[in-house]
Amino acid sequence: MRSPDEQLAYLTETVDTVLPEGELLAKLQEGRPLRVKLGVDPTAPDVTLGWAVVFDLLRRFQEMGHVAVLILGDFTAQVGDPSERSETRKRLTPEEVNAHAERVLPVIEELLAPERLEIRPNSEWLAQMGMHDVLELTSKMTVARIMDREDFAKRWAAHEPISMIEFMYPLLQGMDSVAVEADIEIGGADQLWNLLVGREIQERYGQRPQTVMTVPLLVGTDGKRKMSQSLGNYISVRDDAADMFGKVMSIPDEVMPEWFLLAAGAPRSEVESIRAGLASGDLHPGALKRELARRIVARYHGDDAADRAEQAFDRVFVQHEAPADVPEHPLPAQDPVWLPAALAEAGVVASNSEARRLIAQGAVRIEGEKITDERVPADRLRGRIVKVGKRRFVRFV
């Protein structure tokens with residue numbers, strides 16, 4: 001095991017906040033496996049590169065010999081985290097939460113080491129709480145402390161509704177820390193207030209309070225807002241190598257240093273060199289973005305897949321050719337073919353309406369020829385490659 005100072009440097013490479021100051025090093029110096037908690041609410045069906053930043057930090061703790069305690073928020077997901085919300089979040093049903101959990105949990109497990117890993121659904125203790133337990137929990141926190149929270153204060157000042165259940169969320173998250181006796185809790189920067197409340201809840205239940213660590217929120221592919229599945233500006237860790245490479249190549253140049261640090265795992269010293277090189281003009285943005293795309297793809301698919309993804313990207317965007325492995329789909333039986341439905345059935349668009357919009361925008365081509373009609377003769381499609389947008393292809397057979 002590395003020395004406490006070496007561990008501290010490694011563990012804080014991508015971290016923007018550690019509170020209280022000096023406490024993390026003191027706990028590392030105790031020389032015991034620390035219990036490092038991360039709570040995840042399965043409120044969406046995918047794991048994004050932005051979400052993966054905090055899983056990378058949790059795995060770093062595992063590599064240093066500490067215990068990762070992953071809280072699967074199957075109960076709290078039904079409550080809804082109000083962090084950075086301007087309105088009450090729609091509550092999910094147990095069925096919706098379980099469906100999301102079944103999709104994301106296997107992916108999360110792949111991002112972590114199987115050894116020194118505990119996975120605990122928080123329904124294990126939260127669903128068992130009776131009214132006496134709930135009242136005891138609420139007695140540990142004042143309304144004034146809850147209203148310290150910036151998003152609650154803004155909504156209160158604007159006379160916007162705040163439900164009582166939203167006040168409960170940070171208390172329930174704090175109970176998670178009590179239940180697993182967390183030494184450290186990690187999360188995204190938007191979770192800082194919740195994590196600090198967890199410290200207070202632990203203290204009021206007679207436990208030693210957890211140290212709090214947060215990581216920055218990765219900006220999405222639009223370069224403006226945080227990466228989010230609801231905003232559509234995300235890259236999934238399950239995207240195939242070619243799609244992942246192409247999406248990374250689409251991000252704005254100015255966010256590349258942040259992506260090198262958070263999405264590619266580059267050391268902070270290298271990221272500072274990248275910032276300086278971009279500012280001085282010594283580094284070419286295009287070549288640098290290719291390196292970024294290769295590293296991210298290699299992280300999730302391996303070096304060989306990254307090489308093939310780059311070759312596929314060049315074939316489409318540099319040589320203006322179709323990919324070598326265009327997926328095939330049976331040609332619909334009707335003639336003429338209603339192209340929106342055919343594209344949706346082939347999986348290259350999410351819906352008929354998306355296909356109609358893309359056709360109207362001139363973003364659908366058959367063998368390079370722009371399509372403007374929604375109904376296309378079957379002979380014109382049979383055996384031909386249809387390109388949708390910049391990087392989606394299908395061959396109808």
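Over region 326-397, what is the mean sequence separation of C-alpha contacts under 8 Å (at least six apart), divided by residue count, expressed as relative contact order in percent?
39 percent
Relative to the compact globular guide of 2.2 N^0.38 Å, what is the alpha carbon radius of gyration of region 125-172, as a ratio?
Output field value: 1.27.
Ranked from the most accessible area to the least, with a 1.4 Å probe and all protein chains present, what is the order of R375, R384?
Largest accessible area first, the residues go R375, R384.
Whole number please: convex hull volume per residue, Cα atoms of region 132-221, in Å³.
114 Å³
Taking just the alpha carbons, could you work out the radius of gyration and Dmax for region 53-171, both in angstroms?
Considering region 53-171 through its Cα atoms, Rg and Dmax are 16.9, 49 Å.
When only C-alpha pairs under 8 Å and at least 6 residues apart count, what is the relative contact order of region 263-397, in percent?
Contact order relative to length: 19 percent.
Using amide H atoms built 1.01 Å from N in the peptide plane, name the residues 5+ places from V219, or on other chains, whose amide H lies under 5 Å from its own.
M227
Take the Cα of S3, step 7 Å along the line toward its Cβ, and report every residue of region 21-47 whose backbone nitrogen sits under 14 Å from that point.
Only 29 pass the distance filter.
Pull up the DSSP beta bridges for the chain and report the antiparallel fraction as a percent, rounded to 5.
Taking every DSSP beta bridge within the chain, about 45 percent pair in antiparallel fashion.
From the P(r) of region 356-397, can you give the percent of Cα pairs sitting at distances over 17 Å?
20 percent
Mind checking which lysines have their C-alpha under 16 Å from K289, skipping anything on the same chain fewer than 8 residues away?
Hits, sequence-local ones excluded: K247.
Per the Kirkwood treatment, what hydrodynamic radius in Å, one decimal, follows for region 186-317 from the mean inverse distance over all distinct Cα pairs?
16.5 Å
Given R₀ = 35 Å, FRET efficiency for L111-D373 by Cβ-Cβ distance, to 0.05? The partial results should precede the final answer.
Working: r = 45 Å, r/R0 = 1.29.
After rounding, the FRET efficiency stands at 0.20.
How would S228, S3 line up by accessible area, probe 1.4 Å, largest first?
S3, S228
Short version: ³J(HN,Hα) in whole Hz for each residue of region 56-70, in order, from phi by Karplus 6.51 cos²θ - 1.76 cosθ + 1.60 (θ = phi - 60°), x for Gly and Pro, what are they?
For region 56-70, the Karplus-derived couplings read 4, 5, 4, 5, 4, 4, 4, 4, 8, x, 9, 9, 8, 10, 8 Hz, x marking Gly and Pro.
Which value at 222 nm does the chain reach when only helices count, each DSSP H run of 4 or more adding -39,500 (n - 2.57), with the total divided by all residues and rounded to the nearest 500 deg cm²/dmol?
Helix-only estimate at 222 nm: -13500 deg cm²/dmol.
Between helix 303-317 and the chain, what is the angle of the helix's C-alpha long axis to the longest principal axis, kept within 0 to 90° and rounded to the nearest 10?
50 degrees
Which three numbers, in whole Å and largest first, are the semi-axes of the equivalent ellipsoid of region 86-156 derived from its Cα gyration tensor as √(5λ)? Can you show the working numbers first?
Values: eigenvalues 179, 70, 46 Å².
For region 86-156, the semi-axes come out at 30, 19, 15 Å.
Considering the chain as a Gaussian network with a 10 Å cut-off on Cα pairs, which listed residue, T211, T93, T48, attains the greatest mean-square fluctuation?
Between T211, T93, T48, it is T93 that shows the largest mean-square fluctuation.
Running a GNM on the chain with Cα contacts under 10 Å, which residue among A346, A113, A333 ends up with the highest mean-square fluctuation?
Of the options given, A333 has the highest mean-square fluctuation.
Would you kindly calculate the mean projected area, averaged across all directions, of the convex hull enclosing the Cα atoms of region 263-376, in square nanometres?
That works out to 9.8 nm².
Using the Karplus curve 6.51 cos²θ - 1.76 cosθ + 1.60 with θ = phi - 60°, work out ³J(HN,Hα) for each residue of region 166-174 in order, rounded to whole Hz, and write x for Gly and Pro.
Going residue by residue, I get 5, 4, 6, 4, x, 5, 5, 5, x Hz, with x marking Gly and Pro.
Take the Cα atoms of the chain, build their convex hull, and give its volume per residue in Å³. Let's see the in-between values first.
Numbers: hull volume 70.3 nm³, N = 397.
Dividing the Cα hull volume of the chain by its residues yields 177 Å³.
Please calculate the 1.4 Å probe accessible area of D240, with all protein chains present, and give it to the nearest 10 Å².
Taking all protein chains as shown, D240 has close to 80 Å².
Can you list the HN-Hα couplings for region 287-298, worked out from phi with the Karplus curve (6.51, -1.76, 1.60; θ = phi - 60°), rounded to whole Hz and with x for Gly and Pro?
Couplings: 5, 5, 5, 4, 4, 4, 4, 4, 5, 5, 5, 4 Hz.
Could you please put K27, K390, K247 in sequence from largest to smallest accessible area, using a 1.4 Å probe?
Accessible-area ranking of K27, K390, K247, largest first: K390, K247, K27.
The values are calculated or read from the model by the stated rules, or taken from the named source; none is laboratory data. Everything numeric in this text was worked out from a predicted model, so none of it was measured. Here the Cβ is made from the backbone with ideal geometry for all residues, glycine too, and neighbour counts use every protein chain on show. We work out accessible area using only protein heavy atoms, side chains counted, and drop any ligands, DNA or RNA first. Shrake-Rupley method; radii C 1.70, N 1.55, O 1.52, S 1.80 Å.
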